[in-house]
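Asks: Attaching a single structure in structure tokens format; questions to follow.
The values are calculated or read from the model by the stated rules, or taken from the named source; none is laboratory data. Since the model is a prediction, treat every value here as computed from it, not as a measurement. FYI the Cβ positions are ideal-geometry reconstructions off the backbone, even for glycines, and counts take in every protein chain you see. Just the protein is used for accessible areas: all its heavy atoms, side chains included, with ligands, DNA and RNA removed. Shrake-Rupley method; radii C 1.70, N 1.55, O 1.52, S 1.80 Å.
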Amino acid sequence: MHLRLFKLMIFNPKLLIEFLGIIYITIYRALIVRFLRGFMLSYPKDIKNIANQIPIYKKNINVRKSKIKHNLRRLKLASGFMDIDQNPNWKKIFPSHEQYVSLHRWNWLLWSASDPNSLINHEHGFALVRSYLNEMGTLPKSAASESYTVGERISNICLFSREKSSNWNNIPEDIQIAIKQKIGFLSRRLEILPKLTGNHIINNARALMLAGHSCNEILTIRLSRELLKKYLPVLIDNKGFLREGSSHYQFLFCRWLLEIRFVCEEMGDYETLDVIKKYLPNVLKACDFFTINKKIPLLGDISPDCEPSWLSELSNSAIAQFNEDVKSKNNVDVIDKKNANWSNLFRDFKSDSSILWHKGDDNNEIWKNGNEWFRLDYQGWSAIWHVENPSGPAIASHAHDDLGSFVLYKDN
């Protein structure tokens, strides 16, 4: 088989060039991700110019030790929980890489805030953050300081602080300095890859936007806005579907955009809202395409950031309502009073009625077509499947080559 392929390439120059191109991109991507981070070699010129203006803060940051005792006994990780005491073992090693990085991404902060049975408050959360920073430093070594993981830490602390204090600018000064160091680090390690830039760049942009508004860093906001302008049109199709072929990542991506909407609307950042408002309602509609009785049928990869069930009621969130839709869904009755759920967060959000959002495409027909996605609802049956497009350039993807498989529901 390999010999036949080799002969094909020898006698077909176009195929040979394509094959060599794949090898080149693979090697270059590995170099950029693993060894050349920080040099901004793959940055577009305009992005690089802004990133270079963001200050790099000194490495040794003194985070004061918290005298407050937190009340958490476990941290939610990618799978299951990690039991903790007053001094958690932040250097704990896990067999799974994804389990390990989930500890260092701090989504357990937001998960705890969304749990109706948790008593965590603003001070408890920052006691845990200070404990982490005192043991690990602002920028830990190895996988704990991958760009995506740094971005997650930034985003989750900003969102947790806003949720527990109802204020974007209520992060203690020592933690703000730590966040600013992370901003300088991340801005020079954005996940921009030649021809293979994927959803991670929007996660980077979310971190920069949340931190920029929480720490009053104007250049950081500007950098985030330019990333959204440049990459949202590439990553989202005309019906609001993330091009990467995963139902769970669709919800995760929508969550990021909703959180960007959240901070920008409350902080009056209309310039950024103008960038996202033509995309966000359709991205949310695409999430509804997958939803069956508050469940997410799982096609493609599953993200370790959170379990699918935590995002399953995303459309019930207060920050997922637009224009005339802002009404009863802000009601406390939609809160999941038994389980942790992302839609339990940010219930005090009040929409700015002066912003006119694109309504999103309605699709109430029996057959629903989402470009590469298909759904049939008929006499109590619901079927969803994915047909990967065989043409076009290679992309960063979370899809599976699963044309022959589907999910099927009867009466939900």
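Asks: Only residues in the range 214-241 that are under 14 Å from VAL263 (Cβ atoms) and open to solvent by 50 Å² or more (accessible area, probe 1.4 Å) count as the first member; pair them with residues that are part of a loop (DSSP other than H, G, I, E, B) and at pLDDT 95 or above, Cβ under 9 angstrom, at least 6 apart or cross-chain, and list the lot.
Replies: Close Cβ pairs satisfying both conditions: ASN216/ASN169.
Quick grid of which residues meet (1) surrounded by 11 or more Cβ atoms within 10 Å (Cβ to Cβ); (2) part of a loop (DSSP other than H, G, I, E, B):
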{"residue": "ASP352", "(1), (2)": "yes, yes"}
{"residue": "LEU356", "(1), (2)": "no, yes"}
{"residue": "PHE374", "(1), (2)": "yes, no"}
{"residue": "ILE384", "(1), (2)": "yes, no"}
{"residue": "GLU388", "(1), (2)": "yes, yes"}
{"residue": "ALA394", "(1), (2)": "yes, yes"}
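Asks: Separate question: Taking ARG74 as meeting all but one of (1) surrounded by fewer than 19 Cβ atoms within 10 Å (Cβ to Cβ); (2) more than 22 Å from LEU311 (Cα to Cα), write down the number of the exception.
Replies: (2)
Asks: Out of ILE171, ILE201, report the one residue that is touching a helix residue (DSSP H, G or I) at 6+ places or on another chain (Cβ under 8 Å), outside any helix (DSSP H, G or I) and crowded, with 20+ Cβ neighbours inside 10 Å.
Replies: Residue meeting the stated conditions: ILE171.
Asks: Moving to a separate point now. Considering only the range 194-225, state which residues are under 16 Å from GLN53 (Cα atoms) and among the basic types (Lys, Arg).
Replies: ARG222, ARG225
Asks: Can you find even one residue in the range 215-234 that is within 28 Å of SER145 (Cβ to Cβ), in contact with a Phe, Trp or Tyr (Cβ under 8 Å, 6 or more places away or on another chain) and assigned to a helix (DSSP H, G or I)?
Replies: yes
Asks: Still on this structure, I have one more. I'm trying to understand the selection: among the residues of the range 42-56, which are at pLDDT 95 or above, part of a loop (DSSP other than H, G, I, E, B) and loosely packed, with under 14 Cβ neighbours inside 10 Å?
Replies: PRO44
Asks: Just to be sure, is SER343 open to solvent by less than 80 Å² (accessible area, probe 1.4 Å), of a type in the set (Gly, Ala, Ser) and closer than 30 Å to SER114 by Cα?
Replies: Here the answer is yes, as SER343 does meet what is asked.
Asks: Which of (1) in contact (Cβ under 8 Å) with a residue 12 or more places away in the chain; (2) within 27 Å of TRP108 (Cβ to Cβ) is the odd one out, the single condition GLY80 does not satisfy?
Replies: Going through the list (1) in contact (Cβ under 8 Å) with a residue 12 or more places away in the chain; (2) within 27 Å of TRP108 (Cβ to Cβ), GLY80 breaks only (1).
Asks: Ok, one more. Give all pairs with beta carbons closer than 7 Å in which a residue from the range 126-139 that is touching a residue at least 40 places away in the same chain (Cβ under 8 Å) and under 13 Å from ILE61 (Cβ atoms) meets a residue that is aromatic (Phe, Trp, Tyr) and part of a helix (DSSP H, G or I); count only pairs at least 6 apart in sequence or on separate chains.
Replies: The qualifying pairs are LEU139/PHE185.
Asks: Within the range 130-147, does at least one residue satisfy the condition of being at positive phi and outside any loop (DSSP other than H, G, I, E, B)?
Replies: yes
Table: residues versus (1) part of a strand (DSSP E or B); (2) open to solvent by 80 Å² or more (accessible area, probe 1.4 Å); (3) closer than 30 Å to GLU191 by Cα; (4) modelled with pLDDT of 95 or more.
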residue	(1), (2), (3), (4)
ILE10	no, yes, no, no
LEU16	no, no, yes, no
TYR28	no, no, yes, no
LEU31	no, no, yes, no
GLY38	no, no, yes, no
LYS58	no, yes, yes, no
ASN62	no, yes, yes, no
LYS67	no, yes, no, no
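Asks: In the range 87-105, what count of residues is obtained for those that are part of a loop (DSSP other than H, G, I, E, B), of a type in the set (S, T, N, Q) and either in contact (Cβ under 8 Å) with a residue 40 or more places away in the chain or crowded, with 16+ Cβ neighbours inside 10 Å (or both)?
Replies: Of the range 87-105, the ones part of a loop (DSSP other than H, G, I, E, B) are 87-96.
Restricting the remaining residues to those that are of a type in the set (S, T, N, Q) gives 87, 89, 96.
If we keep only those that are either in contact (Cβ under 8 Å) with a residue 40 or more places away in the chain or crowded, with 16+ Cβ neighbours inside 10 Å (or both) too, we end up with 87.
Qualifying residue count for the region: 1.
Asks: Hey, could you check the range 106-129 for residues that are touching a helix residue (DSSP H, G or I) at 6+ places or on another chain (Cβ under 6 Å), of a type in the set (S, T, N, Q) and in a helix (DSSP H, G or I) and say which is surrounded by the most Cβ atoms within 10 Å (Cβ to Cβ)?
Replies: Looking at residues that are touching a helix residue (DSSP H, G or I) at 6+ places or on another chain (Cβ under 6 Å), of a type in the set (S, T, N, Q) and in a helix (DSSP H, G or I), I get ASN107.
Asks: How many residues, within the range 292-305, are touching a strand residue (DSSP E or B) at 6+ places or on another chain (Cβ under 8 Å) and closer than 18 Å to ASP115 by Cβ?
Replies: 0
Asks: Quick one: is ASN282 closer than 28 Å to VAL129 by Cα and more than 16 Å from the chain's Cα centre (by Cα)?
Replies: no
Asks: Answer yes or no as to whether LYS180 is open to solvent by 10 Å² or more (accessible area, probe 1.4 Å), more than 23 Å from ILE302 (Cα to Cα), at pLDDT 95 or above and assigned to a helix (DSSP H, G or I).
Replies: yes
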